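A short worksheet on the structure shown next.
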Amino acid sequence: MKRRSFLAAAAVITTALAVGGAHAQDKKFITMDSFPAGSTPGQFGIAFTQIIQKHLPVEIQVSVGKPATKSAVDAAMQKVDLFLTAPTINQFMQTRTAMFAKVDNAPEMNSNLRNIMNYNLGPYHIVVYEDSGIKTLADFKGKKVFLGPPAGAATKVATQIMEAATDLVPGEDYEVMRYDWQSAETAFLDRQMDVYIAPTTLPSPSVQQFALVSPIRILGIPEHAWDKPSMKAALGLPGRTIQDIPVGTYENQVNSEDVRTIGSWVGLGTNKWMDEETVYQITKTLWENIADLHATAAWMKGINKETVFYESNIPLHIGAYRYYKEAGFNVPEDQIPPEAK
């Protein structure tokens, strides 16, 4: 190669590297706590990250397996940027109750959290295999039961359901299986336990995979339990509703009647230190491409202007609030961030 041609080629390569380096420097790196792909928040997390990374110079590093309570604490301590918010966890933090009863600075940590949007996590599924012989919650005696991850908010709900519906004592009358969400799915598929309890969307890919292995029965909360103190306490917290699981929701579901249970709401959250412009662009991009989100799964069509703030009990992030005001959303007064007042 002639010297002039070589120098020209070198200049092109150098320029390309410089431009590529500039693009890499311009990219925003964000961390996010999510859940396994088969879960409701896992599905949302995948769809959300794909949309954001497609349309913005943002790279989101996602980790799974952490209880939502730990994610809330980590977000409040600036150890993670985006996470799964839960109104019940926010309530426990604010009031220093449940798993935060001995955490002196829990209210202060909660004041550091901000929301971007809320959505319906889905009803609590209490799933057993039909050949297990379990027909009611009272049949859990002597069985291996997954109530949720240790110290998780979902575990407390499942425990409240059992307290209201039966006289069984966890750890005495039945064995409590201590898994994270993903490990629990695998253990139930492998028949290492008898009962799987989790809040998840309708239909749930996780529950459907159980039904592909063997016919399943979904247990409901008995009528007498709804008036019990522990059930009223469960429903009295933010983010909890009553929801039905219809007959025929899943292939190989043997129920002959709809199942009534507790429904749950969660959201996409961050902390008050997250860059305003970044959160504004993320929120704007998500809503401008909401059709792509809806196309991912049928349940996501429930994410709309009417539901986005439902059951939230922490303020919006200032960046999200800025977008919602510009786009004409009706933001509740109690969700306006302190930074905007």
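The values are calculated or read from the model by the stated rules, or taken from the named source; none is laboratory data. On a predicted model such as this, the values are computed, not experimentally measured, just so you know. Cβ coordinates were reconstructed from backbone atoms using ideal geometry, including for glycine residues, and neighbour counts include every protein chain displayed. Note: areas computed on protein heavy atoms with side chains; ligands, DNA, RNA excluded. Shrake-Rupley method; radii C 1.70, N 1.55, O 1.52, S 1.80 Å.
If you take all other residues with their beta carbon under 10 Å from the beta carbon of HIS55, and give Lys and Arg +1 and Asp and Glu -1, the sum is 0. Evaluating 6.51 cos²θ - 1.76 cosθ + 1.60 at θ = phi - 60° for every residue in the range 196-206, the Karplus couplings come out as 10, 10, 7, x, 7, 5, 10, x, 9, x, 5 Hz, glycine and proline recorded as x. Among the protein heavy atoms of the range 178-242, carbon and sulfur supply 52% of the accessible surface, probe 1.4 Å, non-protein parts ignored. Its Cα gyration tensor gives the range 20-84 an equivalent ellipsoid. The semi-axes, each the square root of 5 times an eigenvalue, are 23, 15, 7 Å from largest down.
By the scheme Lys and Arg +1, Asp and Glu -1, what is the net charge of all other residues having a beta-carbon under 11 Å from that of ALA211? Charge balance near ALA211 sits at -1. Summarising the amide proton neighbourhood of ILE216: residues at separation of 5 or more, or on other chains, whose placed amide H is nearer than 5 Å comprise GLU130, GLN253, VAL254. With loop membership from DSSP and a limit of 16 other Cβ atoms within 10 Å, the longest segment of the chain without GluC sites (Glu not before Pro) is 1-171. What the phi angles of the range 67-79 give under the Karplus curve with 6.51, -1.76 and 1.60, with θ = phi - 60°, is a coupling list of x, 4, 5, 5, 4, 4, 5, 5, 5, 5, 9, 6, 8 Hz, glycine and proline written as x.
Rounded to whole numbers, the Karplus 3J(HN,Hα) couplings from phi for the range 270-286 are 8, 10, 5, 8, 4, 4, 4, 5, 4, 5, 4, 5, 5, 5, 4, 5, 4 Hz, using 6.51 cos²θ - 1.76 cosθ + 1.60 with θ = phi - 60°, and x at Gly and Pro.
Taken about its Cα centre, the range 184-332 carries a charge dipole of about 300 debye when Lys and Arg each add +1 at the Cβ and Asp and Glu each add -1 at the Cβ.
Exceedance of the 32 Å cut-off in Cα-Cα distance is limited, within the set LYS70/LYS228; LYS102/LYS325; LYS144/LYS228; LYS70/LYS143; LYS54/LYS79; LYS228/LYS305, to LYS102/LYS325; LYS228/LYS305.
May I ask you to give the percent of accessible area on the range 244-341 that is carbon plus sulfur, with a probe radius of 1.4 Å?
Looking at the range 244-341 in its full context, I get 45 percent from C and S.
Excluding ligands, DNA and RNA, the accessible surface per residue across the chain is 46 Å² with a 1.4 Å probe.
Relative contact order, whole percent, for the range 109-200 stands at 43, derived from Cα pairs under 8 Å and 6 or more residues apart. Could you give the distance between the Cα centres of the range 32-57 and the range 184-263, to the whole Å? Each part's Cα centre sits 24 Å from the other's.
Highest mean packing comes first when the peptides 86-93, 230-237 are listed by Cβ atoms within 10 Å, giving 86-93, 230-237. Calculated over the range 191-312, the projected area of the Cα convex hull averaged across directions stands at 10.5 nm². Annotation: amide H of GLY122 within the under-5 Å range of SER264, sequence separation 5 or more or interchain, hydrogens built in the peptide plane.
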